[in-house]
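The values are calculated or read from the model by the stated rules, or taken from the named source; none is laboratory data. Worth saying up front: this structure is predicted, and the values here are computed from it rather than measured. A quick note on method: Cβ atoms are made from the backbone with ideal geometry, for glycine too, and the neighbour counts reach across all protein chains shown. These area figures cover heavy atoms from the full protein model, side chains too; ligands, DNA and RNA do not enter into them. Shrake-Rupley method; radii C 1.70, N 1.55, O 1.52, S 1.80 Å.
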Amino acid sequence: MSLRLQFWGTRGSIPTPGRETVRYGGNTPCVELRTAEGWLIVLDAGTGIRELGRSLISRANGAPIAGDIFLTHAHWDHIQGLPFFGPLFQHGNHFTIWGAHALETSLGRVVRDQMSPVVFPVTFEELDATIDFREIDEECRRGNGYEVRAFQVRHPGGALGYRFSERDHARGLVYISDNELGLGAKYDTRAAWREQLVDFVRGAHILVHDTMYTAEEYDHFRGWGHSTYDQAVELALDAEVERLVLYHHKPERSDDEVDRRVEECRALAARRGGKLDILAAAEGMTLIV
Ligand SMILES: [Zn+2]
Ligand SMILES: [Zn+2]
């Protein structure tokens, strides 16, 4: 029994096609997760979801497609691929879009608005698939062969981190795409937030975490809602995860630079005496949880 995950988009903020980003990829966040029974879970709907949609349609070979789409939050880079997700344009398909209750406006409203006639040629109402919106709070939900828990992270406007595992399976995957671990910035989170985050992540097999900035860059972007490489490594070590996947790469970060950051992260983990496997998310990469 295991979850299988595949990266379709790894880049933060804005798509970055080009020669410098070919290896790690230029599409904004999207991850496909499959349960042992084959149920489809999609994490975020950045531009990577377009290619995922093409792949799903070809794999389905005419059969209906169903799945759960979990959005961490509704910033552009996490929803901008949805209007290009082919399976939404097919009758008989069924998707449930999950997101935080705490958004200033409802998730359904944000997704509909990005398809309003002023900015997009096809309205949400014209989509042929059945689409439900469901809110998720910091709670544990079970169904479709897996268990999911959500945790409020530190990001402007709010965002969720998710932990997925199969039933009665203690380990699993933690997915935190956008999160500011630096405690200098102000957020409306509880005093024991970091401790609780460590508990939420504890013992995960794989932690996929925001590593947008270097420590030097972070000084200029405090309060923008993202973490440094070092902070993500520290979290992974504190929570004793087995494998850390660097994610939500900064748009300016070239492939060669990502390689160097991975080496630095590994060196840091080694200095701390931790047994932590570290790699950077790349489009097309698959991992078994
Ligand atoms: Zn983002
Ligand atoms: Zn964001």
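Tabulated data for the structure shown
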{"read-out": "Total residues in region 142-161, condition within 25 Å of Pro64 (Cβ to Cβ) and part of a strand (DSSP E or B)", "value": "5"}
{"read-out": "Wholly enclosed helices (runs of 4 or more DSSP H) of region 22-124 bearing at least 2 residues touching a strand residue (DSSP E or B) at 6+ places or on another chain (Cβ under 6 Å), open to solvent by less than 20 Å² (accessible area, probe 1.4 Å) and basic (Lys, Arg)", "value": "none"}
{"read-out": "All positions within region 146-157 that are in contact with a strand residue (DSSP E or B) (Cβ under 6 Å, 6 or more places away or on another chain) and within 16 Å of ligand 1 (Cβ to nearest atom)", "value": "Val153"}
{"read-out": "Residues located in region 160-209, provided they are within 14 Å of ligand 1 (Cβ to nearest atom) and farther than 19 Å from Gln6 by Cβ", "value": "Leu160, Gly161, Asp178, Asn179, Glu180"}
{"read-out": "Only listed residue being open to solvent by 30 Å² or more (accessible area, probe 1.4 Å) and either modelled with pLDDT of 95 or more or under 18 Å from the mean Cα position of the chain (by Cα) (or both), chosen from Gly284, Gly273, Gly225", "value": "Gly284"}
{"read-out": "In region 188-214, residue nearest to ligand 2 (Cβ to nearest atom) [restricted to those that are open to solvent by 50 Å² or more (accessible area, probe 1.4 Å) and not charged (D, E, K, R)]", "value": "Gln196"}
{"read-out": "Any hit, region 55-74, residues being out of contact with any Leu (no Cβ under 8 Å at 6 or more places or on another chain), within 14 Å of ligand 1 (Cβ to nearest atom) and at pLDDT 95 or above", "value": "no"}
{"read-out": "In region 171-187, residue most open to solvent (accessible area, probe 1.4 Å) [restricted to those that are hydrophobic (A, V, I, L, M, F, W, C) and at pLDDT below 95]", "value": "Leu183"}
{"read-out": "Restricting region 36-54 to residues that are closer than 19 Å to Arg141 by Cβ and either modelled with pLDDT under 95 or under 17 Å from the mean Cα position of the chain (by Cα) (or both), the residue that is nearest to ligand 2 (Cβ to nearest atom)", "value": "Asp44"}
{"read-out": "Scope region 125-141; condition outside any loop (DSSP other than H, G, I, E, B) and either open to solvent by 40 Å² or more (accessible area, probe 1.4 Å) or among the small types (Gly, Ala, Ser) (or both); matching residues", "value": "Glu125, Glu126, Thr130, Asp132, Phe133, Arg134, Glu135, Cys140, Arg141"}
{"read-out": "Pairs, first open to solvent by 30 Å² or more (accessible area, probe 1.4 Å) in region 229-256, second part of a helix (DSSP H, G or I) and among the hydrophobic types (A, V, I, L, M, F, W, C), C-beta under 8 Å, six or more apart", "value": "Asp230/Ala215; Asp230/Cys265; Asp230/Leu268; Leu237/Ala269; Asp238/Val198"}
